[in-house]
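First, the structure itself, so that you have it in front of you.
The values are calculated or read from the model by the stated rules, or taken from the named source; none is laboratory data. Small disclaimer: the values here were computed from a predicted structure and weren't measured. Note that each Cβ is placed from the backbone with ideal geometry, even for glycine, and that neighbours are counted across all protein chains shown. SASA here: full protein model, heavy atoms, side chains in, ligands and nucleic acids out. Shrake-Rupley method; radii C 1.70, N 1.55, O 1.52, S 1.80 Å.
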Amino acid sequence: MSLLLSTRATQIGDSPTLKINATARALKAAGKPVIHLGGGEPTIPAPQSAVDAIVQKANSRKIKYTPSSGTPELKQAVLNYTKTHYNYTFDKSHVLISAGAKQALFNFLLAAVEPGDEVVFPAPFWVSYPEMVKLAGGTPVVVKPAQGLRVTADEIFKAVTPKTKAIILNSPCNPAGHIFSADFIQQIVQFAEEKQIFLVMDDIYHQLVFDGAKTPNPCAFAKDFNNLVLINGVSKLYGLTGLRIGWAVCENKELIAAMGKMQAQSTSCNSDLSECAAAAALNGPQDCVQELCTILEDNRNTLLAELAQIPHIHVEKPQATFYSFVDFSYYSQDSNALAAYLLEKALVAVVPGRAFGAEGYLRISFCADKASIIEGVRRIARAVADLPRKN
Ligand code: PMP
Ligand code: GLU
């Protein structure tokens, strides 16, 4: 007998974003005054509706397995949400509730990807896409924009081959904070339909938008809804990251059923408490979403004002999310080394751009409180000023 780990386990990287959370937490626990600008969760308190639902459910003393694909109540809440925000009516057989958008994406990849299949997505990308595609046996195909941080539709088209099974789009984008244009979304929706490949819209930030912007709705451009997979969840919208509730919606019932099998054979079902709380948050007052956007927009403005004091960096104004993706290549081409230096020297946690497929950048989050953003960026400014001068 051998105790060697699987090739799969040894070839898959850690989640760099979760790792930075763990590092920041450990440093804080050790009494270090670390400022965490690497995080990916709003600090707002949970909506009262969600808290009340958890308390009520707990008091019922019935905390049991739920239906594997999600409770009818939560599915209905997701359907109502989808009707409101995508103006399209799906039914319950089109919905799978999962342990976060992350598991929804993973279920999709396990259900759709054959060994050798390619999955295309733009850089900069969310850190988990390449590793999840590899875990599912597929090949990640990263499309790097020739200019700036935004790919064009043509660049995506050129990356698609007969082996392409799916395109994943994340709009608004983690880490760059941009929203892809309606024209771009329309072109990709139509192209994916024509080529009969899946288009997975990771819409987890679609309501966290600023300056009156709106995220274009892919359903407005679709004709054949069988290949369009909408992913969303409560983590970012309500700051309910700890519930672990997300979902996939697609008119392709075979796909949703296959994704459901992946889940039934791995996690069985979602937490009963969490499903109740997520349904309550979706059905409850929604003012908290606008309030969160107002806080985040203000944080973004504070962050940009502070970043403007650091010479030789470049940042595009984030239109959405709570991330800025800042070009620090003047100071270092090695973003891992720069992030490690900032953590050690300035006690500020940020995520290196390399993890998102863009070397020379750092992802600086603005979901922390304003005072931390100000102090964090000032510390970064002092630390980079101490780096050896370039000629
Ligand atoms: N997609 C993107 C782009 C994300 O940033 C995240 C953040 N965790 C997720 C999916 C997963 O979200 P969750 O599993 O918490 O719903
Ligand atoms: N999505 C967040 C981030 O990018 C949370 C961490 C994660 O799930 O990877 O930081």
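Can you pull out every residue in the range 361-385 that is without any contact (Cβ under 8 Å) to a residue 40 or more places away in the chain and crowded, with 19+ Cβ neighbours inside 10 Å? Step through it out loud before you land on a result.
Initial filter on the range 361-385 (without any contact (Cβ under 8 Å) to a residue 40 or more places away in the chain): 362, 371, 382, 385.
Residue satisfying the conditions is Leu362 alone.
Say whether the condition of being charged (D, E, K, R), surrounded by fewer than 22 Cβ atoms within 10 Å (Cβ to Cβ) and under 29 Å from Asn301 (Cα atoms) is met by at least one residue in the range 174-188.
yes
Write out, first by first residue and then by second, each pair whose Cβ atoms fall under 8 Å of each other, whose residues are 6+ apart or on separate chains, and whose first residue, in the range 18-36, is surrounded by 16 or more Cβ atoms within 10 Å (Cβ to Cβ) while the second is among the basic types (Lys, Arg).
Val34/Lys28; Ile35/Arg379; His36/Lys28
Filter the range 1-17 for residues that are polar (S, T, N, Q) and surrounded by fewer than 15 Cβ atoms within 10 Å (Cβ to Cβ); which is farthest from the chain's Cα centre (by Cα)?
Narrowing the range 1-17 to residues polar (S, T, N, Q): 2, 6-7, 10-11, 15, 17.
With surrounded by fewer than 15 Cβ atoms within 10 Å (Cβ to Cβ) added as a condition, the list becomes 2, 6-7, 10-11.
Details: Ser2: 38, Ser6: 28, Thr7: 27, Thr10: 24, Gln11: 22 Å.
Going through the qualifying residues, I end up with Ser2.
Which residue, of Val326, Val351, is open to solvent by less than 10 Å² (accessible area, probe 1.4 Å), away from ligand 2 (no atom under 15 Å from the Cβ) and touching a helix residue (DSSP H, G or I) at 6+ places or on another chain (Cβ under 8 Å)?
Only one candidate passes the filter, namely Val326.
While we're here: Quick check on this structure: which one of Leu230, Leu199 is without any contact (Cβ under 8 Å) to a residue 60 or more places away in the chain, more than 16 Å from ligand 2 (Cβ to nearest atom) and under 23 Å from Gly100 (Cβ atoms)?
Unique residue meeting the criteria: Leu199.
While we're here: Just checking, which of Ala176, Ala182, Ala213 is of a type outside the set (S, T, N, Q), under 25 Å from Thr82 (Cβ atoms) and touching a residue at least 40 places away in the same chain (Cβ under 8 Å)? Give the steps one after another, and end with the answer.
Numbers: Ala176 fails: under 25 Å from Thr82 (Cβ atoms); Ala182 fails: touching a residue at least 40 places away in the same chain (Cβ under 8 Å).
Answer to the check: Ala213.
Does Leu243 qualify as being touching a helix residue (DSSP H, G or I) at 6+ places or on another chain (Cβ under 9 Å) and either within 16 Å of ligand 2 (Cβ to nearest atom) or open to solvent by 10 Å² or more (accessible area, probe 1.4 Å) (or both)?
The answer is yes for Leu243.
Still on this model: Search the range 96-110 for residues that are open to solvent by 10 Å² or more (accessible area, probe 1.4 Å) and pair each with any residue that is within 12 Å of ligand 2 (Cβ to nearest atom) and charged (D, E, K, R) when their beta-carbon atoms are under 9 Å apart and the residues are at least 6 apart or on different chains.
Short answer, once both residue conditions are applied: Ala99/Arg244; Ala101/Asp202; Ala101/Lys236; Lys102/Arg244; Gln103/Arg244.
If you don't mind, there's one more thing I want to ask. Please work out which one of (1) modelled with pLDDT of 95 or more; (2) in a helix (DSSP H, G or I); (3) away from ligand 1 (no atom under 13 Å from the Cβ) is the condition Ser68 fails and give its number.
Here Ser68 meets the rest and fails (2).
Only one residue in Ile63, Ile97, Ile44 is in contact with a Phe, Trp or Tyr (Cβ under 6 Å, 6 or more places away or on another chain) and either within 16 Å of ligand 2 (Cβ to nearest atom) or not in a helix (DSSP H, G or I) (or both), so which one is that?
Matching residue, one of Ile63, Ile97, Ile44: Ile97.
Then there's this: Quick one: which residue in Gly376, Gly353, Gly360 is within 16 Å of ligand 1 (Cβ to nearest atom) and either within 18 Å of Ala24 (Cβ to Cβ) or at pLDDT 95 or above (or both)? Write out each step before concluding.
Numbers: Gly376 fails: within 16 Å of ligand 1 (Cβ to nearest atom); Gly360 fails: within 16 Å of ligand 1 (Cβ to nearest atom).
Answer to the check: Gly353.
Can we say Ala346 is crowded, with 20+ Cβ neighbours inside 10 Å, within 22 Å of the chain's Cα centre (by Cα), modelled with pLDDT of 95 or more and of a type in the set (Gly, Ala, Ser)? Steps first, answer last, please.
Working: crowded, with 20+ Cβ neighbours inside 10 Å: yes; within 22 Å of the chain's Cα centre (by Cα): no; modelled with pLDDT of 95 or more: yes; of a type in the set (Gly, Ala, Ser): yes.
Criteria not met by Ala346.
Name the pairs whose Cβ atoms lie under 6 Å apart, with the first residue in the range 236-247 and in contact (Cβ under 8 Å) with a residue 40 or more places away in the chain and of a type outside the set (A, V, I, L, M), the second in a strand (DSSP E or B) and within 11 Å of ligand 2 (Cβ to nearest atom), and 6 or more positions between them or separate chains?
From residues that are in contact (Cβ under 8 Å) with a residue 40 or more places away in the chain and of a type outside the set (A, V, I, L, M), the pairs are Gly246/Gly233.
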